[in-house]
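Following: one structure in structure tokens, then a few remarks.
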Amino acid sequence: MISVTEEEVAIDPADYAQAKINKSLSSKDKIGLLREMLRIRRFEQVSLKLYNQGVMAGFLHLYIGQEAVAVGTISIMGDNDHVITAYRDHGHALAVGMGMNECMAEQLGKATGCSRGKGGSMHFFDPDKNFWGGHGIVGGQTPLGLGLAYGLKYKGLKGSCFCYMGDGAVNQGAYHESLNIAALWKLPVVYVIENNKYSMGTTIDRSSAMRNCLAERADGYGIVWDIANGEDLYEVRAKAQNALERAHKHSLPTVLEIDTYRYYGHSVSDANAKKYRSPEEIERHKAHHDPIHLWQKRLVDEGVMTDEEIEKLDESIKNEVNAAAQFALDSEFPAPETIFEDVYWEVDNNTAAGSTGRHFFGD
Amino acid sequence: MPQITYRKAINDALAEEIIRDENVVIIGEEVARYNGAYKVTEGLWERFGDKRVVDTPISEAGFIGMGVGASMLGIRPVMELMFWSFAYVAWDQIINNAGQVRYMSGGRIHCPIVIRGPANGGTGVGATHSHTPENFIANTPGLKVVCPATAYDAKGLMKAAIRDNDPVCVMENTLLYGETWEVPDEEYVIPLGVADIKREGTDISFIAHGRAVITALKAAEILAAEHGIQAEVLDLRSIRPLDEEAILRTVAKTHRVVLVDENKPFCGVSAQIAAMIQEQAFDDLDAPVQRVCSLDAPAIYSPALEKIQLPTPERVVYKALQIL
Ligand SMILES: Cc1ncc(C[n+]2csc(CCOP(=O)(O)OP(=O)(O)O)c2C)c(N)n1
Ligand SMILES: [Mg+2]
């Protein structure tokens with residue numbers, strides 16, 4: 001069994017605060033991490049409110065409860081580290097630095113949205129921030145993550161691609177094909193399984209065959225794997241750092257399973273959200289395993305922040321989110337002719353190729 | 001006659017077929033304990049148990065292919081795709097395996113499988129979730145495809161599909177699941193390949209399938225009320241096999257045709273119908289065949305624009321008036 005390497009075991013598993021990547025954090029950095037998690041939570045809460053007001057279409061998959069996964073892993077990344085995820089994508093988008101305005105506007109289908117109103121909640125993108133989406137088809141992003149890693153290696157860059165996926169997505173064939181290629185060709189991809197215990201209404205034991213955990217399947221491909229407790233930001237960062245270094249130094253893949261929990265239904269329209277799991281289970285997670293509360297407590301214990309300072313930070317974030325909501329509500333819908341834009345690069349760029357032959361068909 | 005929803009009509013068809021034939025088994029994501037993502041299979045697991053109603057992992061290639069394999073041995077799996085858009089990860093199983101195995105085996109193997117689920121845009125779920133692949137399926141000899149527009153048709157066609165000895169793809173519509181129509185209590189089956197006149201008319205023919213039939217009916221009402229024009233609405237119901245005679249009959253009657261199709265125009269179902277009409281009924285036509293399809297781009301998310309991307313009654317009326 002290849003789980004963690006010797007060098008990595010040297011960290012006292014009980015105290016990830018002592019890991020190098022965490023010891024180097026300044027007080028300001030630690031507050032920054034709290035800010036990022038709070039921004040996600042408040043963004044999601046306002047999104048839910050807007051959804052319930054009927055100004056959003058389609059699906060809304062909330063990330064509330066899972067914030068430490070995106071923030072912890074993305075906070076260690078550098079210029080050549082890339083991110084791709086599934087439809088539960090708001091947390092990752094904000095964590096890579098996308099603006100709240102463009103994200104909120106996208107959910108409302110406005111022209112000012114990050115995808116000009118074309119993608120919606122499930123399809124945020126910002127390649128300038130190394131964020132490659134936002135993908136609606138379960139598991140569809142897993143070969144793309146592999147491809148980003150391939151591209152990095154091809155270009156001779158020391159980087160990685162963190163490809164996020166759910167505990168249900170691990171049963172898509174494309175993921176297994178990707179694992180094999182990643183191992184065979186030594187590609188710097190990190191598959192982060194955000195194990196929130198459910199794929200829609202299906203518990204893991206009803207969807208996945210495994211020995212002990214989902215990440216352990218990587219053994220079959222000779223890929224190093226690990227599991228992390230997603231309520232502990234220090235642990236997420238420490239373990240993600242191991243994966244990142246493995247990608248940077250050795251161009252090797254990792255499967256990192258992170259235990260986490262979603263407080264809301266699969267999507268906002270999940271009518272069964274409280275049927276396939278007990279309200280007590282949800283309450284227990286909120287009360288004892290909330291990544292944001294636990295981090296706040298840590299910051300207070302470490303003397304980094306006081307409760308009052310946390311309160312103030314939270315207030316400023318709430319203001320930021322409310323302003324973003326107003327921005328989105330005030331923004332215009334895209335013009336009808338934009339339906340035909342962004343389909344072909346050659347057409348949009350008025351090239352010879354784009355004007356040779358007919359590209360679009362009327363009725 | 002009782003009024004029931006499109007959803008309930010399919011649910012009844014599944015229940016009746018489970019009872020009628022011990023080889024019928026419902027398989028798909030969240031179909032059992034969760035009652036189906038769109039509640040089409042509601043109550044079936046409770047009534048019929050684990051053997052007949054089976055939840056799967058999110059492994060469409062695996063479980064659709066499994067259904068094809070089981071059907072070769074005489075099982076009659078009714079596979080639910082939560083969205084037909086997810087069929088694309090199982091395309092090899094549907095097209096190459098279900099679609100070709102009878103031919104490749106010289107007729108020694110057949111696949112009595114049904115693959116069903118919603119295939120429509122218009123719900124704000126974006127390009128990857130809004131596909132209407134009936135034209136792709138119809139382009140594959142070996143496969144059959146039906147697109148019911150009403151609860152009555154959904155029930156009758158579903159039963160025919162389950163009893164059919166070839167692979168049948170049933171494309172439903174999430175926007176129709178909650179709509180109600182009259183459906184008799186008595187058992188009935190609608191054969192595949194029989195179109196249905198949903199509205200009699202003399203001046204022009206609207207030919208459509210799936211939810212586009214509803215759009216065409218609305219357009220016909222507008223034409224009657226505002227212009228005194230009587231449009232006939234022909235619902236194809238089944239795309240392959242196709243009721244060519246019904247198409248030719250309505251063309252011979254009205255001499256003018258608007259095809260209404262939620263497919264994209266290029267190589268969509270309506271392109272085939274248009275070609276067929278000019279080949280076989282050229283002399284009956286008093287005007288060129290017109291089409292109203294989805295606007296030719298991926299499905300846009302923005303709720304404001306998605307509405308106009310799909311065929312609307314207004315666009316149908318506009319096209320009709322151009323040839324009247
Ligand atoms: C190929 C495909 N099949 C099914 C779906 C419908 N679907 C969307 S999310 C989901 C559950 C995924 O669960 P998991 O991977 O655990 O991620 P989580 O939602 O918990 O973040 C399903 C079945 C889909 N989008 N794509
Ligand atoms: Mg999950």
Point to revise | Among B:ALA87, B:THR128, A:LEU214 - extreme Cα towards positive end, dipole of the protein assembly as shown, charges at beta-carbon | key: A:LEU214
Revision key, fill the gap. Working note, chain B: Cα radius of gyration (Å, one decimal) and Dmax (Å, whole number) are 19.3, 58
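Could you work out the relative contact order of the stretch B:2-112? I mean the mean sequence separation of Cα pairs under 8 Å and 6+ apart, divided by the number of residues, in percent. Kindly include the intermediate steps, with their values, before the conclusion.
On the way: 151 pairs, mean separation 28.2, N = 111.
Computed value for the stretch B:2-112: 25 percent relative contact order.
Using only the Cα atoms, work out Rg/Rh for the stretch A:167-311, with Rh taken as the Kirkwood radius, to two decimals. Walk me through the numbers before you get to the answer.
Details: Rg = 17.6 Å, Rh = 17.0 Å.
Rounded to two decimals, Rg over Rh is 1.03.
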Review point. Rg to Rh ratio, the protein assembly as shown, alpha-carbon atoms and Kirkwood radius?
Key: 1.00
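Restricting the count to DSSP beta bridges whose residues both fall in the protein assembly as shown, what percent are antiparallel, rounded to a multiple of 5? List each step's numbers first, then the result.
Details: 11 of 65 bridges.
Once the DSSP bridges in the protein assembly as shown are tallied, antiparallel ones form about 15 percent.
Over the Cα atoms of the stretch B:179-242, Rg to Rh with Kirkwood Rh, two decimal places?
Values: Rg = 13.2 Å, Rh = 12.8 Å.
Result for the stretch B:179-242 is an Rg/Rh of 1.03.
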Study note, to complete from the structure: When chain B is treated as a Gaussian network with springs between alpha carbons less than 10 Å apart, the largest mean-square fluctuation among B:ASP196, B:ASP296, B:ASP55 is found at B:ASP296
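Could you tell me the convex hull volume per residue, in Å³, taken over the Cα atoms of the stretch A:139-227? Write down the numbers at each step before the final one.
Details: hull volume 7.6 nm³, N = 89.
It comes to 85 Å³ per residue, whole-number rounded.
Considering only the other residues whose Cβ falls under 14 Å of the Cβ of B:ASP50, what net charge follows from Lys and Arg at +1 and Asp and Glu at -1? Display every interim value, and only then the final one.
Details: positive: A:ARG206, B:ARG33, B:ARG47, B:LYS51, B:ARG52; negative: B:GLU46, B:ASP55.
Value of the local net charge: +3.
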Check your understanding: Quick one: net charge of A:GLY220's neighbours, Cβ under 14 Å, K/R +1, D/E -1?
Key -> -1
Check your understanding: For the protein assembly as shown, with only Lys/Arg (+1) and Asp/Glu (-1) charged at the beta-carbon, what is the dipole magnitude about the Cα centre, in debye rounded to 20?
Key -> 660
Review point. Give or take rounding to whole Å, what are the principal axis extents of the alpha carbon atoms in the stretch A:26-335, in descending order?
Key: 52, 50, 42
Point to revise | Kirkwood hydrodynamic radius of the stretch A:98-141, from inverse mean 1/r over distinct Cα pairs, in Å | key: 10.2
Exercise for review: Quick one: compute the contact order of chain B, relative version, from alpha carbon pairs under 8 angstrom and 6+ residues apart, as a percent.
Suggested key: 16
Check your understanding: Just the Cα atoms of the stretch B:99-169, one point each, no solvent: what log10 I(q)/I(0) does Debye give at q = 0.17 Å⁻¹?
Key -> -0.71
Revision key, fill the gap. Measuring from its Cα centre, the stretch B:228-324 shows a charge dipole (+1 at each Lys and Arg Cβ, -1 at each Asp and Glu Cβ) which, in debye to the nearest 20, is 240
Check your understanding: What is the local net charge at B:LEU248, summed over the other residues whose Cβ is closer than 11 Å to its Cβ (Lys, Arg +1; Asp, Glu -1)?
Key -> -3
Exercise for review: Restricting to chain A, compute how many DSSP beta bridges are antiparallel as a %, nearest 5.
Suggested key: 10
Check your understanding: Taking the stretch A:191-251 on its own, what percent of its Cα-Cα pair distances exceed 13 Å?
Key -> 69
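With only Lys, Arg, Asp and Glu charged, each at its Cβ (+1 for the first two, -1 for the last two), find how big the charge dipole of the stretch B:3-182 is about the Cα centre; round to the nearest 20 debye.
On the way: 16 positive and 21 negative charges, 67 e Å.
In debye, rounded to 20, the stretch B:3-182 gives about 320.
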**Study point:** Calculated FRET efficiency for the pair A:GLN18/A:HIS250, C-beta based, R₀ 22 Å, to 0.05
**Key:** 0.40
Point to revise | Calculated on alpha-carbon atoms, Rg and Dmax of the stretch A:315-363 in Å | key: 18.5, 56
Review point. Which three extents, in whole angstrom, do the alpha-carbon atoms of the stretch A:21-119 cover along their principal axes, largest first?
Key: 45, 27, 20
**Study point:** Selected from B:ILE137, B:ILE204, B:ILE308 as most flexible by GNM, with chain B as the system and alpha-carbon contacts under 10 Å
**Key:** B:ILE308
Exercise for review: Go ahead and set up a Gaussian network model of chain A, Cα springs under 10 Å, then flag whichever of A:ILE181, A:ILE339, A:ILE74 fluctuates most.
Suggested key: A:ILE339
Check your understanding: Antiparallel as a % of all DSSP beta bridges within chain B, to the nearest 5?
Key -> 20
Review point. Can you give me the relative contact order of the stretch A:26-335 as a percent, contacts being Cα pairs under 8 Å and 6 or more apart?
Key: 24
Check your understanding: So what's the back-of-envelope 222 nm ellipticity for the protein assembly as shown, counting only DSSP H runs of four-plus at -39500 (n - 2.57) apiece and dividing by all residues, rounded to 500?
Key -> -11500 deg cm²/dmol
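Where a ≥ b ≥ c are the square roots of the eigenvalues of the C-alpha gyration tensor, would you call the stretch B:196-322 rounded, which needs a/c under 1.5, or, failing that, prolate if a/b is larger than b/c, or oblate? Spell out each step's value before the answer.
Working: a/c = 1.78, a/b = 1.26, b/c = 1.41.
Oblate shape, in that a/c is at least 1.5 and b/c is the bigger or equal ratio.
Values in this text are rule-based calculations from the coordinates and carry no lab data. What you see is a predicted model; the values in this text were computed from it and never measured. Counting neighbours? That spans all protein chains shown, and the Cβs are built from the backbone with ideal geometry, glycine included.
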